[in-house]
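Once you've had a glance at the structure underneath, I'll fire off some questions.
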Amino acid sequence: MAVAIPSLDHEPVGSALRPDRPGLDKAGGRLVVVSNRVPVPSGAGSPNAGGLAVALDAALKQRGGLWFGWSGNTVDGREPETESHEFANVSYAVTDLAQRDLDDYYHGFANRALWPVCHYRLDMTGFNRRNTAGYFRVNEFFARRLAQLIRPDDVIWIHDYHFIPLASYLRGMGFTNRMGFFLHIPWPPADLAAVLPAYDLILRGFSSYDLVGFQTPLDAENFANAIARGGGRALDNGCYEAHGRRFRAGAFPIGIDTQGFRRLAEQGERNAVVRRTAASLEGKQLIIGVDRLDYSKGIGERIDAFSCLIENNPALRNRVTFLQITPKSRSEVPEYAHLQREVAEQIGETNGRYGDVDWTPIRYINKPIGHTALAGLYRLARVGLVTPLRDGMNLVAKEYVAAQASADPGVLVLSRFAGAAYELETALLVNPYDSDATAAAIKRALEMPLDERKERWSAMMRRLETNTVDRWCDAFLGTLVAADHQGMPAPGGDGEDDGLSPELSTGVRRQPLWGAIKN
Ligand code: GDG
């Protein structure tokens, strides 16, 4: 079946890429952030959200700018609206989506194709042509809406797997602005990634940026292999040439607001929920797990490991409590609804088997709790159990470390498959698929002498104090605006001779990219 494929990167290099272009911190060059959800301030002018949102918001305020994305609302039967909210020198522009677009692009392709494949979970995929077409269609829709808002010297920073092809569409409309992309989730080895429908287009999508950022060196290496296999090549300095363009790619591990989180945890000690929890433990040691309800987080394997711990160490009965905080997520996606039932059942079985009239081994919370209470609970817990099967970074691991009291820190048990393991090397690193080994690590954590706990924690805390979320933001944006050779068309790469359909290579398209695909 013939499939209309977009042509990318055919525009000449424009003014936004001139070597003499002023840096972001100088006059001109607004920052434009694009993410699926936009934390629009509720009134006082700052978003009520986590570290990433606060850091991006600070970068926007510093330079002046625009934050653009989905409003969180759907419309049926009428044209979606784009609304703008102004707070000081920052605009927050959000656009509604038609229900079908949301289903195809977000629930469908983003969360049933890209998310599982990027987390190495081919068993969790649900591919169909309608979703694939929807992903590209909605990216083009977002590009058209954004096109009405951007200025020639804006620096555009696009976030995450929802928007990989967004820059391609902007380039196709003639925008030559500097554009960066950061992938918050892992990028898998080339053989796995190649399972994605429209894999070649996804890969091309990356090369429309000037800078592509990943969480870890492994993700960046996987990407480099994919580029090489696709006929592109690596140059010096993390630069690549592919699909007729030159661009840069590398690892930019995301951080947290380390000092801010430490202070929050100190306040958290006085929080009512935390105090009640502490009293209810009656001297038992607390093990904590905090994750969105997602199969990538290894919650089932973690419960198995906790069961092994109790099974193998009868002396621990009635001496430990495992608190698993798991807000629901993506319930519209069938794989998640199934997981929700499975985890609840597994916890019920474990409590039934090992519990007693005066001891519930696992306490399971299926809704979000407040920030301060969360930070206080991290601080209260002797063990932070962060055992995803695969994770881009995992901020919970970093928050747990930042929340600890320096005089009596808890122990982080961390999956070696979380991006955070690259930096938090002195955690107890585990293979989350191996329940016995994870159980042994939890036992070791519970028994670890104070001196060793302090030594391991101090090393991790030093890393977190160096690589904060502000530093991450500056490093990415600094690299995006600094390199003179980014975003250049490769020699001979004018993008016109790649055999793609001509009507798609002339800027604004006359028909949907995936129009030739039958649902
Ligand atoms: C993606 C990547 C990468 C959780 N429960 C509650 C709550 N949380 C907060 C945590 C933490 C955040 O949610 C979860 O962050 P993660 O990093 O663990 O996970 P993802 O949502 O999957 O994020 C990931 C991240 O992007 C950033 O690049 O690290 O690998 O998958 O901040 O504290 N917060 C509150 N109540 C809860 O019940 N207040």
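The values are calculated or read from the model by the stated rules, or taken from the named source; none is laboratory data. Predicted, not measured: the structure shown is a model, and the values here were computed from it. Note: ideal-geometry Cβ built from the backbone for every residue, glycine included; neighbour counts use all protein chains shown. Side chains are part of the model used for accessible areas, which takes the heavy atoms of the whole protein and leaves out ligands, DNA and RNA. Shrake-Rupley method; radii C 1.70, N 1.55, O 1.52, S 1.80 Å.
Can you check how the C-alpha radius of gyration of the range 186-231 compares to 2.2 N^0.38 Å, as a plain ratio?
1.05
Say each of Ala437 and Arg275 gets a label point 7 Å from the Cα, pointing the same way as Cα to Cβ; how far apart are those two points in nm?
Once both label points are built, they end up 4.4 nm from each other.
Remind me, relative contact order of the range 398-490 in percent, using alpha carbon pairs under 8 angstrom and six or more residues apart?
Relative contact order here is 29 percent.
Another question, then. So, taking all protein chains as they sit and a 1.4 Å probe, how much accessible area belongs to Lys454, in Å² rounded to tens?
80
Accessible area of the chain with a 1.4 Å probe: how many percent of it is carbon plus sulfur?
It is 49 percent, rounded to a whole number.
Note the full-extension length gain between Glu342 and Tyr199 as 0.36 nm times their separation in residues minus their Cα-Cα distance, in nm to one decimal.
Working: separation 143, 0.36 × 143 = 51.48 nm, distance 3.17 nm.
Result for the pair: 48.3 nm of gain on full extension.
Would you please report the Å³ per residue occupied by the convex hull of the alpha carbon atoms in the range 184-266?
113
To the nearest 20 Debye, how big is the dipole of the range 246-347 about its Cα centre, given +1 on the beta carbon of each Lys and Arg and -1 on that of each Asp and Glu? All intermediate terms of the calculation are to be shown ahead of the outcome.
Numbers: 16 positive and 13 negative charges, 94 e Å.
Roughly 460 debye, rounded to the nearest 20.
Something else: Pairs of Cα atoms under 8 Å, at least six residues apart: use those to get the relative contact order of the chain, whole percent.
Relative contact order here is 20 percent.
Using Cα atoms only, what is the angle between the long axis of helix 258-268 and the major principal axis of the chain, expressed in degrees (0 to 90) to the nearest 10?
Taking Cα atoms only, the helix is inclined about 40 degrees.
Which value does Rg/Rh take for the range 238-289 over its C-alpha atoms, Rh per Kirkwood?
Using Cα coordinates only, the ratio equals 1.43.
For a bin width of 10 Å, list the pair-distance distribution of the chain built from all Cα-Cα distances, rounded to whole %.
All Cα pairs, binned at 10 Å, distribute as 4, 18, 28, 25, 16, 7, 2, 0 percent.
Working from the alpha-carbon coordinates of the range 31-174, get Rg over Rh, Rh being the Kirkwood radius.
My calculation of the ratio gives 0.98.
Rounded to whole Å, give me the distance from the Cα center of the range 415-461 to that of the range 223-284.
18
Under a plain spin-label model, where a point goes 7 Å from the Cα along Cα-to-Cβ, how far apart in nm are Glu465 and Arg363?
Once both label points are built, they end up 3.2 nm from each other.
Positive end of the charge dipole of the chain (Lys, Arg +1 and Asp, Glu -1 on Cβ, about the Cα centre): tell me which of Gly255, Gly410, Asn467 has its Cα farthest that way.
So the residue furthest toward the plus end is Gly410.
What is the count of Lys pairs in the chain whose alpha carbons sit under 30 Å apart, if the two are 8 or more places apart or on different chains?
21
Next up: Please determine, in degrees from 0 to 90 and to the nearest 10, the orientation of helix 51-63 with respect to the longest principal axis defined by the Cα atoms of the chain, where the helix direction is its Cα long axis.
Value to nearest ten degrees: 40.
Which value results when the Cα radius of gyration for the range 300-448 is divided by 2.2 N^0.38 Å?
For the range 300-448, the normalised Cα radius of gyration is 1.02.
Using DSSP to define loop residues, name the chymotrypsin sites (Phe, Trp or Tyr not before Pro) in the range 403-437 whose beta-carbon has at most 15 other beta-carbon atoms within 10 Å.
Tyr433
So what's the projected area for the range 116-254, the Cα convex hull averaged over all directions, in nm²? Show your work: numbers first, answer last.
Values: hull surface 33.0 nm².
Answer in nm², one decimal: 8.3.
Quick one: go through the range 155-178 and flag any residue whose amide nitrogen is under 16 Å from the point 7 Å out along the Cα-to-Cβ line of Ala147.
From the range 155-178, the list is 165-177.
Now, a different point. If you restrict to DSSP beta bridges whose two residues both lie in the chain, what percentage is antiparallel, to the nearest 5?
Within the chain, antiparallel bridges account for around 20 percent of the total.
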